[in-house]
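Some notes on the structure that comes next.
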Amino acid sequence: MIAPHTAAFWRATLALCLGSFMVFANLYVTQPLLPMIAEQFGVSALQSSVSFTITTFTLGISLLFYGPLSDAVGRKGIMLFTMVGITVTTTCLAFAGDYYNLLILRAAQGFFLAGLPAIAVAYMSDEFNADALMIAVGIYISGNSLGGIGGRLLGGFLGENFGLTGTFEIMALLSLSLTLVFAWLLPPSKRFTAKALRPIPMLNQLGAHLANKRLLLSYLIGGLSFFVFVNQYSFVTFVLKDSPYALSAQYIGLLFLTYLSGTYASAISGKLGKRYSQPVCMMAGTVIIMLGSAVTLIPSLYAIILGLLINAFGFFLTHSTASSWVSLNAKTGKASASSLYLTFYYLGASSGGIYLNLFWQGGHWGGVVLGSWLMLLVILALGYKLRRLHGIS
């Protein structure tokens with residue numbers, strides 16, 4: 001098996017990190033460009049946000065498909081195939097003639113984007129020894145985070161300087177380059193053992209996870225938290241595009257650097273979870289998001305940035321503890337339990353825009369904050385119920 005800090009370790013880890021960066025950069029590249037998409041195609045804020053949420057929807061559904069498929073046919077081949085699919089769909093996006101073609105291509109792209117996240121950790125579990133696995137997973141997750149931030153920064157910069165078409169063309173070239181490097185760097189599987197594809201037992205296992213109240217509550221908390229958090233960013237781009245802020249796409253892209261406070265929250269979530277319990281941390285994170293959302297109501301760019309920094313810290317505290325709670329409380333099928341969590345997570349992202357748009361139409365950004373608070377109160381109630389199940393008085 002691959003040992004820590006060997007040449008094979010660094011080749012495999014770097015390959016998976018670059019692949020992860022590519023996946024999440026392509027997923028999030030359109031988010032700072034939503035005002036540009038709305039203007040170019042003559043659609044509303046909600047319609048433009050669908051170009052992002054339809055991708056998270058197909059990604060979330062597809063996550064359940066790739067894990068069992070890779071158990072049957074192998075890891076590297078599927079990851080490489082889906083990365084090629086991402087490159088092809090990104091290339092086609094540069095030539096999308098109208099908004100509906102854009103949506104179809106983004107939906108197809110979500111199917112391909114799910115491949116590597118669903119399989120990467122399974123590949124590492126097959127090929128790495130226990131010490132190498134712990135190190136590699138941590139580095140890989142940082143690649144996820146950097147891809148999300150990098151995609152948004154690239155989207156803002158490229159959109160401002162090269163327009164929508166140029167953005168997709170450059171992203172396609174970047175994706176092609178990273179796919180070739182991935183194929184060259186990643187060692188072929190040596191310890192993989194194929195298993196029969198058995199859909200009925202798989203569905204039964206998913207049903208058992210949903211029947212487990214501790215898991216279901218954490219799925220709802222994670223999904224509804226992302227439901228609010230990521231879609232707040234979509235709507236705030238329209239606030240900052242207009243007067244009195246009038247920010248360009250490039251500067252709107254920089255706004256997503258506020259995610260870095262979430263990186264810190266994720267890093268300390270394990271210690272906080274041990275000290276205060278994970279359900280308490282989920283509730284605390286939710287309260288922090290409520291506080292940050294209130295701060296964004298102050299009509300100042302600095303206040304909005306501060307509020308989003310607070311929100312990112314609170315969200316990633318909630319998300320990290322909810323995700324680890326799933327791993328600790330799944331009695332069997334930990335991999336499928338974690339995949340189901342991610343499905344709820346991305347389905348939350350895909351549906352939150354529709355909900356918050358109702359409040360945007362009625363009350364602009366103040367309405368979005370009100371809608372966020374109402375949903376966050378629901379999440380608090382779910383966290384309290386989970387705390388009671390955990391037996392904490």
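The values are calculated or read from the model by the stated rules, or taken from the named source; none is laboratory data. This is a predicted model, so every value here is computed, not measured. Please note: Cβ atoms are built from the backbone with ideal geometry, for glycine as well, and neighbour counts cover all protein chains shown.
Quickly run through region 307-328 and pick out the residues that are out of contact with any Leu (no Cβ under 9 Å at 6 or more places or on another chain) and closer than 17 Å to SER372 by Cα.
PHE313, PHE315, PHE316, THR318, HIS319
Does at least one position in region 85-92 carry a residue that is under 20 Å from the mean Cα position of the chain (by Cα) and not hydroxyl-bearing (Ser, Thr, Tyr)?
Yes, region 85-92 has at least one match.
Can you list residue pairs whose Cβ atoms sit under 7 Å apart, with the first residue in region 345-370 being free of Cβ contacts under 8 Å to residues at least 60 places away in the same chain and over 18 Å from THR55 (Cα atoms) and the second being of a type in the set (Phe, Trp, Tyr) and assigned to a helix (DSSP H, G or I)? Count only pairs 6 or more apart in sequence or on different chains.
Cβ pairs passing all conditions: GLY367/PHE359; GLY367/TRP360; LEU370/PHE359.
Could you check region 201-308 for helices (runs of 4 or more DSSP H) lying wholly inside it with 3 or more residues that are in the same structural domain as SER323 (by TED's automatic domain parsing), closer than 25 Å to VAL137 by Cβ and charged (D, E, K, R)?
Helices (runs of 4 or more DSSP H) meeting the threshold: 260-276.
All but one of (1) surrounded by fewer than 20 Cβ atoms within 10 Å (Cβ to Cβ); (2) assigned to a helix (DSSP H, G or I); (3) not aromatic (Phe, Trp, Tyr) hold for VAL43; state the number of the condition that does not hold.
Exception for VAL43: condition (2).
Provide a single number: the residues in region 177-191 that are surrounded by 15 or more Cβ atoms within 10 Å (Cβ to Cβ) and either part of a helix (DSSP H, G or I) or at pLDDT 95 or above (or both).
Adding up the residues that qualify gives 7.
Among (1) on the phi > 0 side of the Ramachandran plot; (2) part of a helix (DSSP H, G or I), which single condition is TRP10 missing?
(1)
Just for region 352-393: of the residues that are of a type in the set (Val, Ile, Thr) and surrounded by fewer than 20 Cβ atoms within 10 Å (Cβ to Cβ), which one is farthest from LEU297 (Cα to Cα)?
Among them, the one singled out is ILE392.
Would it be correct to say that THR165 is surrounded by fewer than 17 Cβ atoms within 10 Å (Cβ to Cβ) and of a type in the set (Val, Ile, Thr)?
yes
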